[in-house]
Structure formats: C-alpha cells, structure tokens
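The values are calculated or read from the model by the stated rules, or taken from the named source; none is laboratory data. These numbers were taken from a predicted model, which means no experiment stands behind them. Because the Cβ atoms are built from the backbone with ideal geometry, glycine has one as well, and the counts that use them run over all protein chains shown. All accessible areas refer to the heavy atoms of the entire protein, side chains included, with ligands and DNA or RNA removed. Shrake-Rupley method; radii C 1.70, N 1.55, O 1.52, S 1.80 Å.
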Amino acid sequence: MNHEKDTIYSTPMDPVPPFTFDDRVARVFPDMIKRSVPGYADIIDMIGLFARHYVQHGSNCYDLGASLGAATLAMRRNINVDGVTIHAVDNSADMLKRCGENIQWDQSRTQVELLLGDVEDIQMTDASMVVLNFTLQFIPAKRRQRIVDRIFKALRPGGVCIISEKLVFPQREGQQEVLTHMHLDFKRMQGYSDLEISQKRQSLENVLVSNSSDEIIGMFDNAGFSRSFQWFQYLSFASFFAAKATTHA
C-alpha cells in the first residue's frame, strides 16, 4: 500500500492537541515511525525471527497495539507451524482498518484475527508469543504491571513476550541528555523541521510516558518469567525478550 508523508506538525498549532492514533496519523504512520524511531525496521525483522523460533503448533499469538500490522505481518511471514492464529489488537478503528487492508495484501497462510479493543481488557489464552511493540508506554504507568502479569498467565510453558519501548535513563548522569540530543539530530536528519519536532514533542507530553530498562525487566520478574533481558537498543529505543519456563516449578 502507498502511504503519505508525515506533515502533521509542519504548520504552527495553538494549542498543540494531544497525540491520538486517528485517521490522520494512520495515513502517515509508516513514514512517521520510520523517521521517528531509529531501529524500528530491525526490531520488526527480529520479531519475525523470534516468531519463527518460538511460536508453537496450535497456539495463539497476540500483537497488542498492532497499529498498521507491521509486527503481525512479521510474525505471520515467519511462523512455520500449523494451527496458529495471530490476534491483532488495537483500540483505534482507523489504525485497525488500515491494518486489515495490509493483511489482505499478504498471502501468508497463518490466520489473523483483527480485534478492536483495549489491550488492558482483551482476553488472552493458550499463547506462545505476545508482542507489545511501543505500546506499553501509552498505558498509564500504574496499570502496566497488570498487563505483563496477564500476558504471563496467558502464555504456554516456553512462550515468549517481546516488549519494545522508548526508555528513560535515570540511573546514569548525562545519558538522558546525550541520547535526547542525538535523537533530535536523528529526526532532523530524516527531514523533520524544528517546528515539527517541537510540536510533536508537545503532543506526546503526558501521553507517552517511558520506563527505564530496569523497570521493564522488573515487571517481567514480578510476573514470574524465568528469564528476561534487553536484546536491542538504538539511542533511547529498546526491545526486550522474556520467556516463561518450559515446565512448571
């Protein structure tokens, strides 16, 4: 599918409205994410490889906060076992509509079910892989542990969870400042103006609230995952892997 260039914040706004995943964002989302999130394509590719290795026969997979379906398609194109259903979940009808259109263009055999709803409420069961790709950061912080707990309970033994997030770095003096400045330069290198960068930042204030890497690993530990670690980082953007033990203790 063809997608538009992201020019949402290219003209002055007063006030700048809070960021929402509406049709305006859905139309430009591939360009927006490519130019805003360094390493995004690499994360998507690796989600596919994780799916190839860890998705189990006859199980469910969940893409929580599926947006336009990039992670769903990465899983779908790499799953090599039968009887799997991928549940692509999003609370934005505009995003999910375009996700469905992207799925229709794909000829992979694994079944995909589109679910319009809140990732906090979706019922998950018999899962072998759950992905939250830059989703948890949009959930109120006090409710994030509950989501990770529910994922753990829904996973089969040996099942895995991938969480990708924009991080904060409170533990090392100066790291946050350096990586923030480098990310600003990254976006300028992608063609965003200072006006666009400033207005986008204002729109995301109090909408996107980041965790530290220790907090994310802590959520995995609290939920009961047998192993978890950060496997990727590019500037402030990172991805984490967690696995449920193959047998119950």
Would you mind finding the one in Ile151, Ile163 that is surrounded by 20 or more Cβ atoms within 10 Å (Cβ to Cβ), under 23 Å from Ile33 (Cα atoms) and in contact (Cβ under 8 Å) with a residue 12 or more places away in the chain?
Ile163
Leu49 - would you say it is among the aliphatic types (A, V, I, L, M), part of a helix (DSSP H, G or I) and exposed (fewer than 13 other Cβ atoms within 10 Å of the Cβ)?
yes
Of the residues Ala74, Ala70, Ala66, which single one is touching a Ser or Thr at 6+ places or on another chain (Cβ under 8 Å) and in contact (Cβ under 8 Å) with a residue 12 or more places away in the chain?
Ala66
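Please specify each residue of region 50-84 satisfying the condition of being in contact with a His (Cβ under 8 Å, 6 or more places away or on another chain) and closer than 23 Å to Glu120 by Cα.
Residues satisfying the conditions are Asn60, Cys61, Tyr62, Asp63, Val84.
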Considering only region 113-125, I want to know if a residue exists there that is over 22 Å from Ser59 (Cβ atoms) and either part of a helix (DSSP H, G or I) or in contact with a Lys or Arg (Cβ under 6 Å, 6 or more places away or on another chain) (or both).
no
Per-region count, region 207-249, residues touching a residue at least 24 places away in the same chain (Cβ under 8 Å), in contact with a Phe, Trp or Tyr (Cβ under 7 Å, 6 or more places away or on another chain) and open to solvent by 20 Å² or more (accessible area, probe 1.4 Å)
6
Do we have Leu195 as open to solvent by less than 50 Å² (accessible area, probe 1.4 Å) and closer than 30 Å to Ser10 by Cα here?
no
When you go through Ser92, Ser128 one by one, which is the residue that is more than 18 Å from Phe241 (Cα to Cα), touching a helix residue (DSSP H, G or I) at 6+ places or on another chain (Cβ under 9 Å) and open to solvent by less than 50 Å² (accessible area, probe 1.4 Å)?
Ser92
